[in-house]
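Before any comments, here is the structure.
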Amino acid sequence: MARHDWVATAHLSRASAGRWVFFVGRWARTMQSEELFRRYQELQRYVGWTAADAERISAAAPLVAPHFAAMIDDFYDEIQKHEDARKVITGGQAQIERLKGTLRAWLAELVAGKYDADYVVRRWRVGWRHVEIGLDQVFTNVALSRLRTGLIRTLQQVWQGDLQEIRLTMRALNKLLDLDLAIIEDAYQAEYTARQQRVERLATIGQVAGGVAHELRNPLNVVKTSVYYLLNARNATKEKIAEHLQRIERHVVVADSVITALSSFAKMPLPSLTPVAVEPLIRDVLEINPPPGNIQVHMDWPADLPQVLVDQDQLKVVFGNLVRNARDAMPQGGQLTVRARRVPDGVEIDVIDTGVGIAPENLKRVMEPLFSTKARGLGLGLAIARAILEKNKGTLSLTSTVGKGSTFTVHLLASQA
């Protein structure tokens, strides 16, 4: 798409109205046409816009319209004095003449007195167009300021009626230009945000793809080498065959766990909240995820701990991730402590390790998706745990000291049953 100068984005011809359906398809992801017009009407109420204002603007149109050519010439003469503005006009005088025509149409529409949904869409498209060509919104502000000055100066020069009426007309004109600027800036921000989100999603996809490739390549390589051995080894013993089959099975499980983690994070089902006793649930988690022999496990559990209102299966995922995280933080061994206590509105459970700890600069990031301090890992375990707890009306917090260990605290609401 050819690049237009910044002035081209500040005014649109009436001919563009016929293409607004195509445009709606582009910006419908942020706001539908009806919603946009309702928003514009809300802004009109905010600034005190009335039907009388529209009538005053349209009544003044015959007075200012004959002076549009002078205002437009002044507009483009000023552009030539500023390098940052002048350099974006790449089509020479022919482009300037075309743009003068669209500016004339834009000014005519401004004072026509009809401010319906189509008018708002065309104004909205100005902001959208700015983002499309990578233009800073500040240029619209100065462009409208220049036009505002020209319109008001012209009114003052040609007005021959009541002085009170010209004051009301200029006030209406200022409100109209402020509304134009507001809807253009609103469009700019909405489209800019949407595009930023798309860029971030693409970056995330790339990050996920890299993480998945890294996590799956190792187990697949192991499977590949074992399959090669089984296909090509001569006189392989039963023990060797069993060993390679076990290796294949083990690394298929590893690959499956990566896919399961991604699937769990991408589509977290709504929880089924029921009263759950936490202690037996934690013991089940420790049985499923047994720490190695060099890690001692200590449970500190009050006898009168109330049940909590959670989805039991989802809570097992949370504590499974926390237990595995604690285990990985203690490669040389240590102590894993799971400690619970009553709090005024529920229960808090600490999962404490005596491991390597987390550097201060990483404390705020370890629960972000795809962030990991480990040499291997997608960095989804803690993010999944936090997401699950939020759906179960709980929270997850963290304290850590490098070289001494970390404490993850789960807060859950008590069941009223």
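Since every read-out is calculated from the coordinates, none of them should be taken as a lab result. What you are looking at is a predicted structure, and each value in this text was computed from that prediction instead of being measured. Positions of Cβ are backbone-derived with ideal geometry, glycine not excepted, and every protein chain shown enters the neighbour counts.
Key figures
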item	result
Largest to smallest principal axis extent of the C-alpha atoms in region 274-413, angstrom	38, 30, 26
Long pairs among 364/393; 100/175; 87/114; 316/364, criterion Cα-Cα beyond 27 Å	87/114
18 Å Cα-Cα reach of residue 240 towards lysines, excluding residues that sit fewer than 8 places from it in its own chain	224
Förster radius 60 Å - calculated FRET efficiency between residue 80 and residue 277 (Cβ-Cβ, nearest 0.05)	0.15
Neighbourhood charge, 14 Å Cβ-Cβ cut-off, centred on residue 386 and excluding it, Lys, Arg +1 and Asp, Glu -1	+2
Stretch gain in nm, segment residue 303-residue 97, where the contour uses 0.36 nm per residue and the Cα spacing is subtracted	65.7 nm
Percent breakdown of C-alpha pair distances by 10 Å bin, ordered from the shortest bin, for region 50-158	12, 42, 36, 10, 0
Extension gain (nm, one decimal) between residue 153 and residue 224, 0.36 nm per residue minus Cα-Cα	17.5 nm
